[in-house]
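This report concerns only the one structure given below.
The values are calculated or read from the model by the stated rules, or taken from the named source; none is laboratory data. Since we're looking at a predicted model, the values are computed, not measured. Neighbour counts are summed over all protein chains in view; Cβ atoms, including those assigned to glycine, are modelled from backbone coordinates with ideal geometry. Areas reflect the complete protein model, heavy atoms only, side chains present, ligands, DNA and RNA absent. Shrake-Rupley method; radii C 1.70, N 1.55, O 1.52, S 1.80 Å.
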Amino acid sequence: YAEDRTYGGVRGSGEVLLLTLYSIMNKKTNYPSLLSYNMSKIRGYNNNLERKLRKEIRARGIYGYRIDDKSVLGTPDICYKGLKIAIFVDGDFWHGFDWDKRKCQLTTLNKTFWINKIERNMERDRQITYALEQNGWTVLRFWEHEINQDSQACVQRIEEQVKFKRLLSVFKPL
């Protein structure tokens, strides 16, 4: 158990989960205590990806956003409330990137639970996106791997939307 706790910072949430499952399957540890420890290290908000994206946004001078605004449906990770732009940072594992392929590769003790959980997350994401768009919001969703591979392209999409919405607000019809 001690050797499983020694890794320094928190890895990507999917990696923490896989480490937990690997340890459980190999009977290296006490299941409840390791699972509890690892799950406590998975950050649901203000994680490294969000901080990386916000750092890039600030570097471009795109100010005026709010973080985890609970007054907006779905609590977007980054939100330009006045411009009605909601930005979500979706982890590849938790939000089901390439899910048809990944769910077949899942090798856990409780496979059905995890498949149902992630599919519920995916359905909730679709519902939130639809509801926000129906209320005039622009919804931008970025996958974990997109931010890691090319955060500049993600910030470029954000900047384009912010500039466009600000321009629209100047020429608002009476």
- request: Note down all Cβ pairs under 7 Å where the first residue falls in the stretch 125-154 and is free of Cβ contacts under 8 Å to residues at least 12 places away in the same chain, the second is part of a helix (DSSP H, G or I) and open to solvent by less than 20 Å² (accessible area, probe 1.4 Å), and they're at least six residues apart or on different chains.
  value: 146/154
- prompt: Only one of (1) under 30 Å from residue 63 (Cβ atoms); (2) open to solvent by less than 70 Å² (accessible area, probe 1.4 Å) is not met by residue 171, so which one is it?
  reply: (2)
query: Just to be sure, is residue 63 of a type in the set (Ser, Thr, Tyr), within 22 Å of residue 154 (Cα to Cα) and modelled with pLDDT under 95?
result: yes
field: residue 157 touching a strand residue (DSSP E or B) at 6+ places or on another chain (Cβ under 9 Å), open to solvent by 80 Å² or more (accessible area, probe 1.4 Å) and assigned to a helix (DSSP H, G or I)
entry: yes
- prompt: Taking the stretch 83-105 only, how many residues are modelled with pLDDT of 95 or more and not β-branched (Val, Ile, Thr)?
  reply: 4
statement: For the stretch 45-61, the count of residues that are crowded, with 17+ Cβ neighbours inside 10 Å and not in a helix (DSSP H, G or I) equals 1
query: So which residues in the stretch 118-131 are surrounded by 13 or more Cβ atoms within 10 Å (Cβ to Cβ) and either within 17 Å of the chain's Cα centre (by Cα) or among the basic types (Lys, Arg) (or both)?
result: 118, 119, 121, 122, 125, 128, 129
Members of the stretch 142-168 found to be among the basic types (Lys, Arg) and closer than 15 Å to residue 54 by Cα, listed by number: 157
- request: Taking the options 107, 112, name whichever one is open to solvent by 60 Å² or more (accessible area, probe 1.4 Å), polar (S, T, N, Q) and either in a strand (DSSP E or B) or in contact (Cβ under 8 Å) with a residue 24 or more places away in the chain (or both).
  value: 107
query: Here is a list of conditions, (1) open to solvent by less than 90 Å² (accessible area, probe 1.4 Å); (2) assigned to a helix (DSSP H, G or I), and residue 164 meets all of them except one; can you say which number that is?
result: (1)
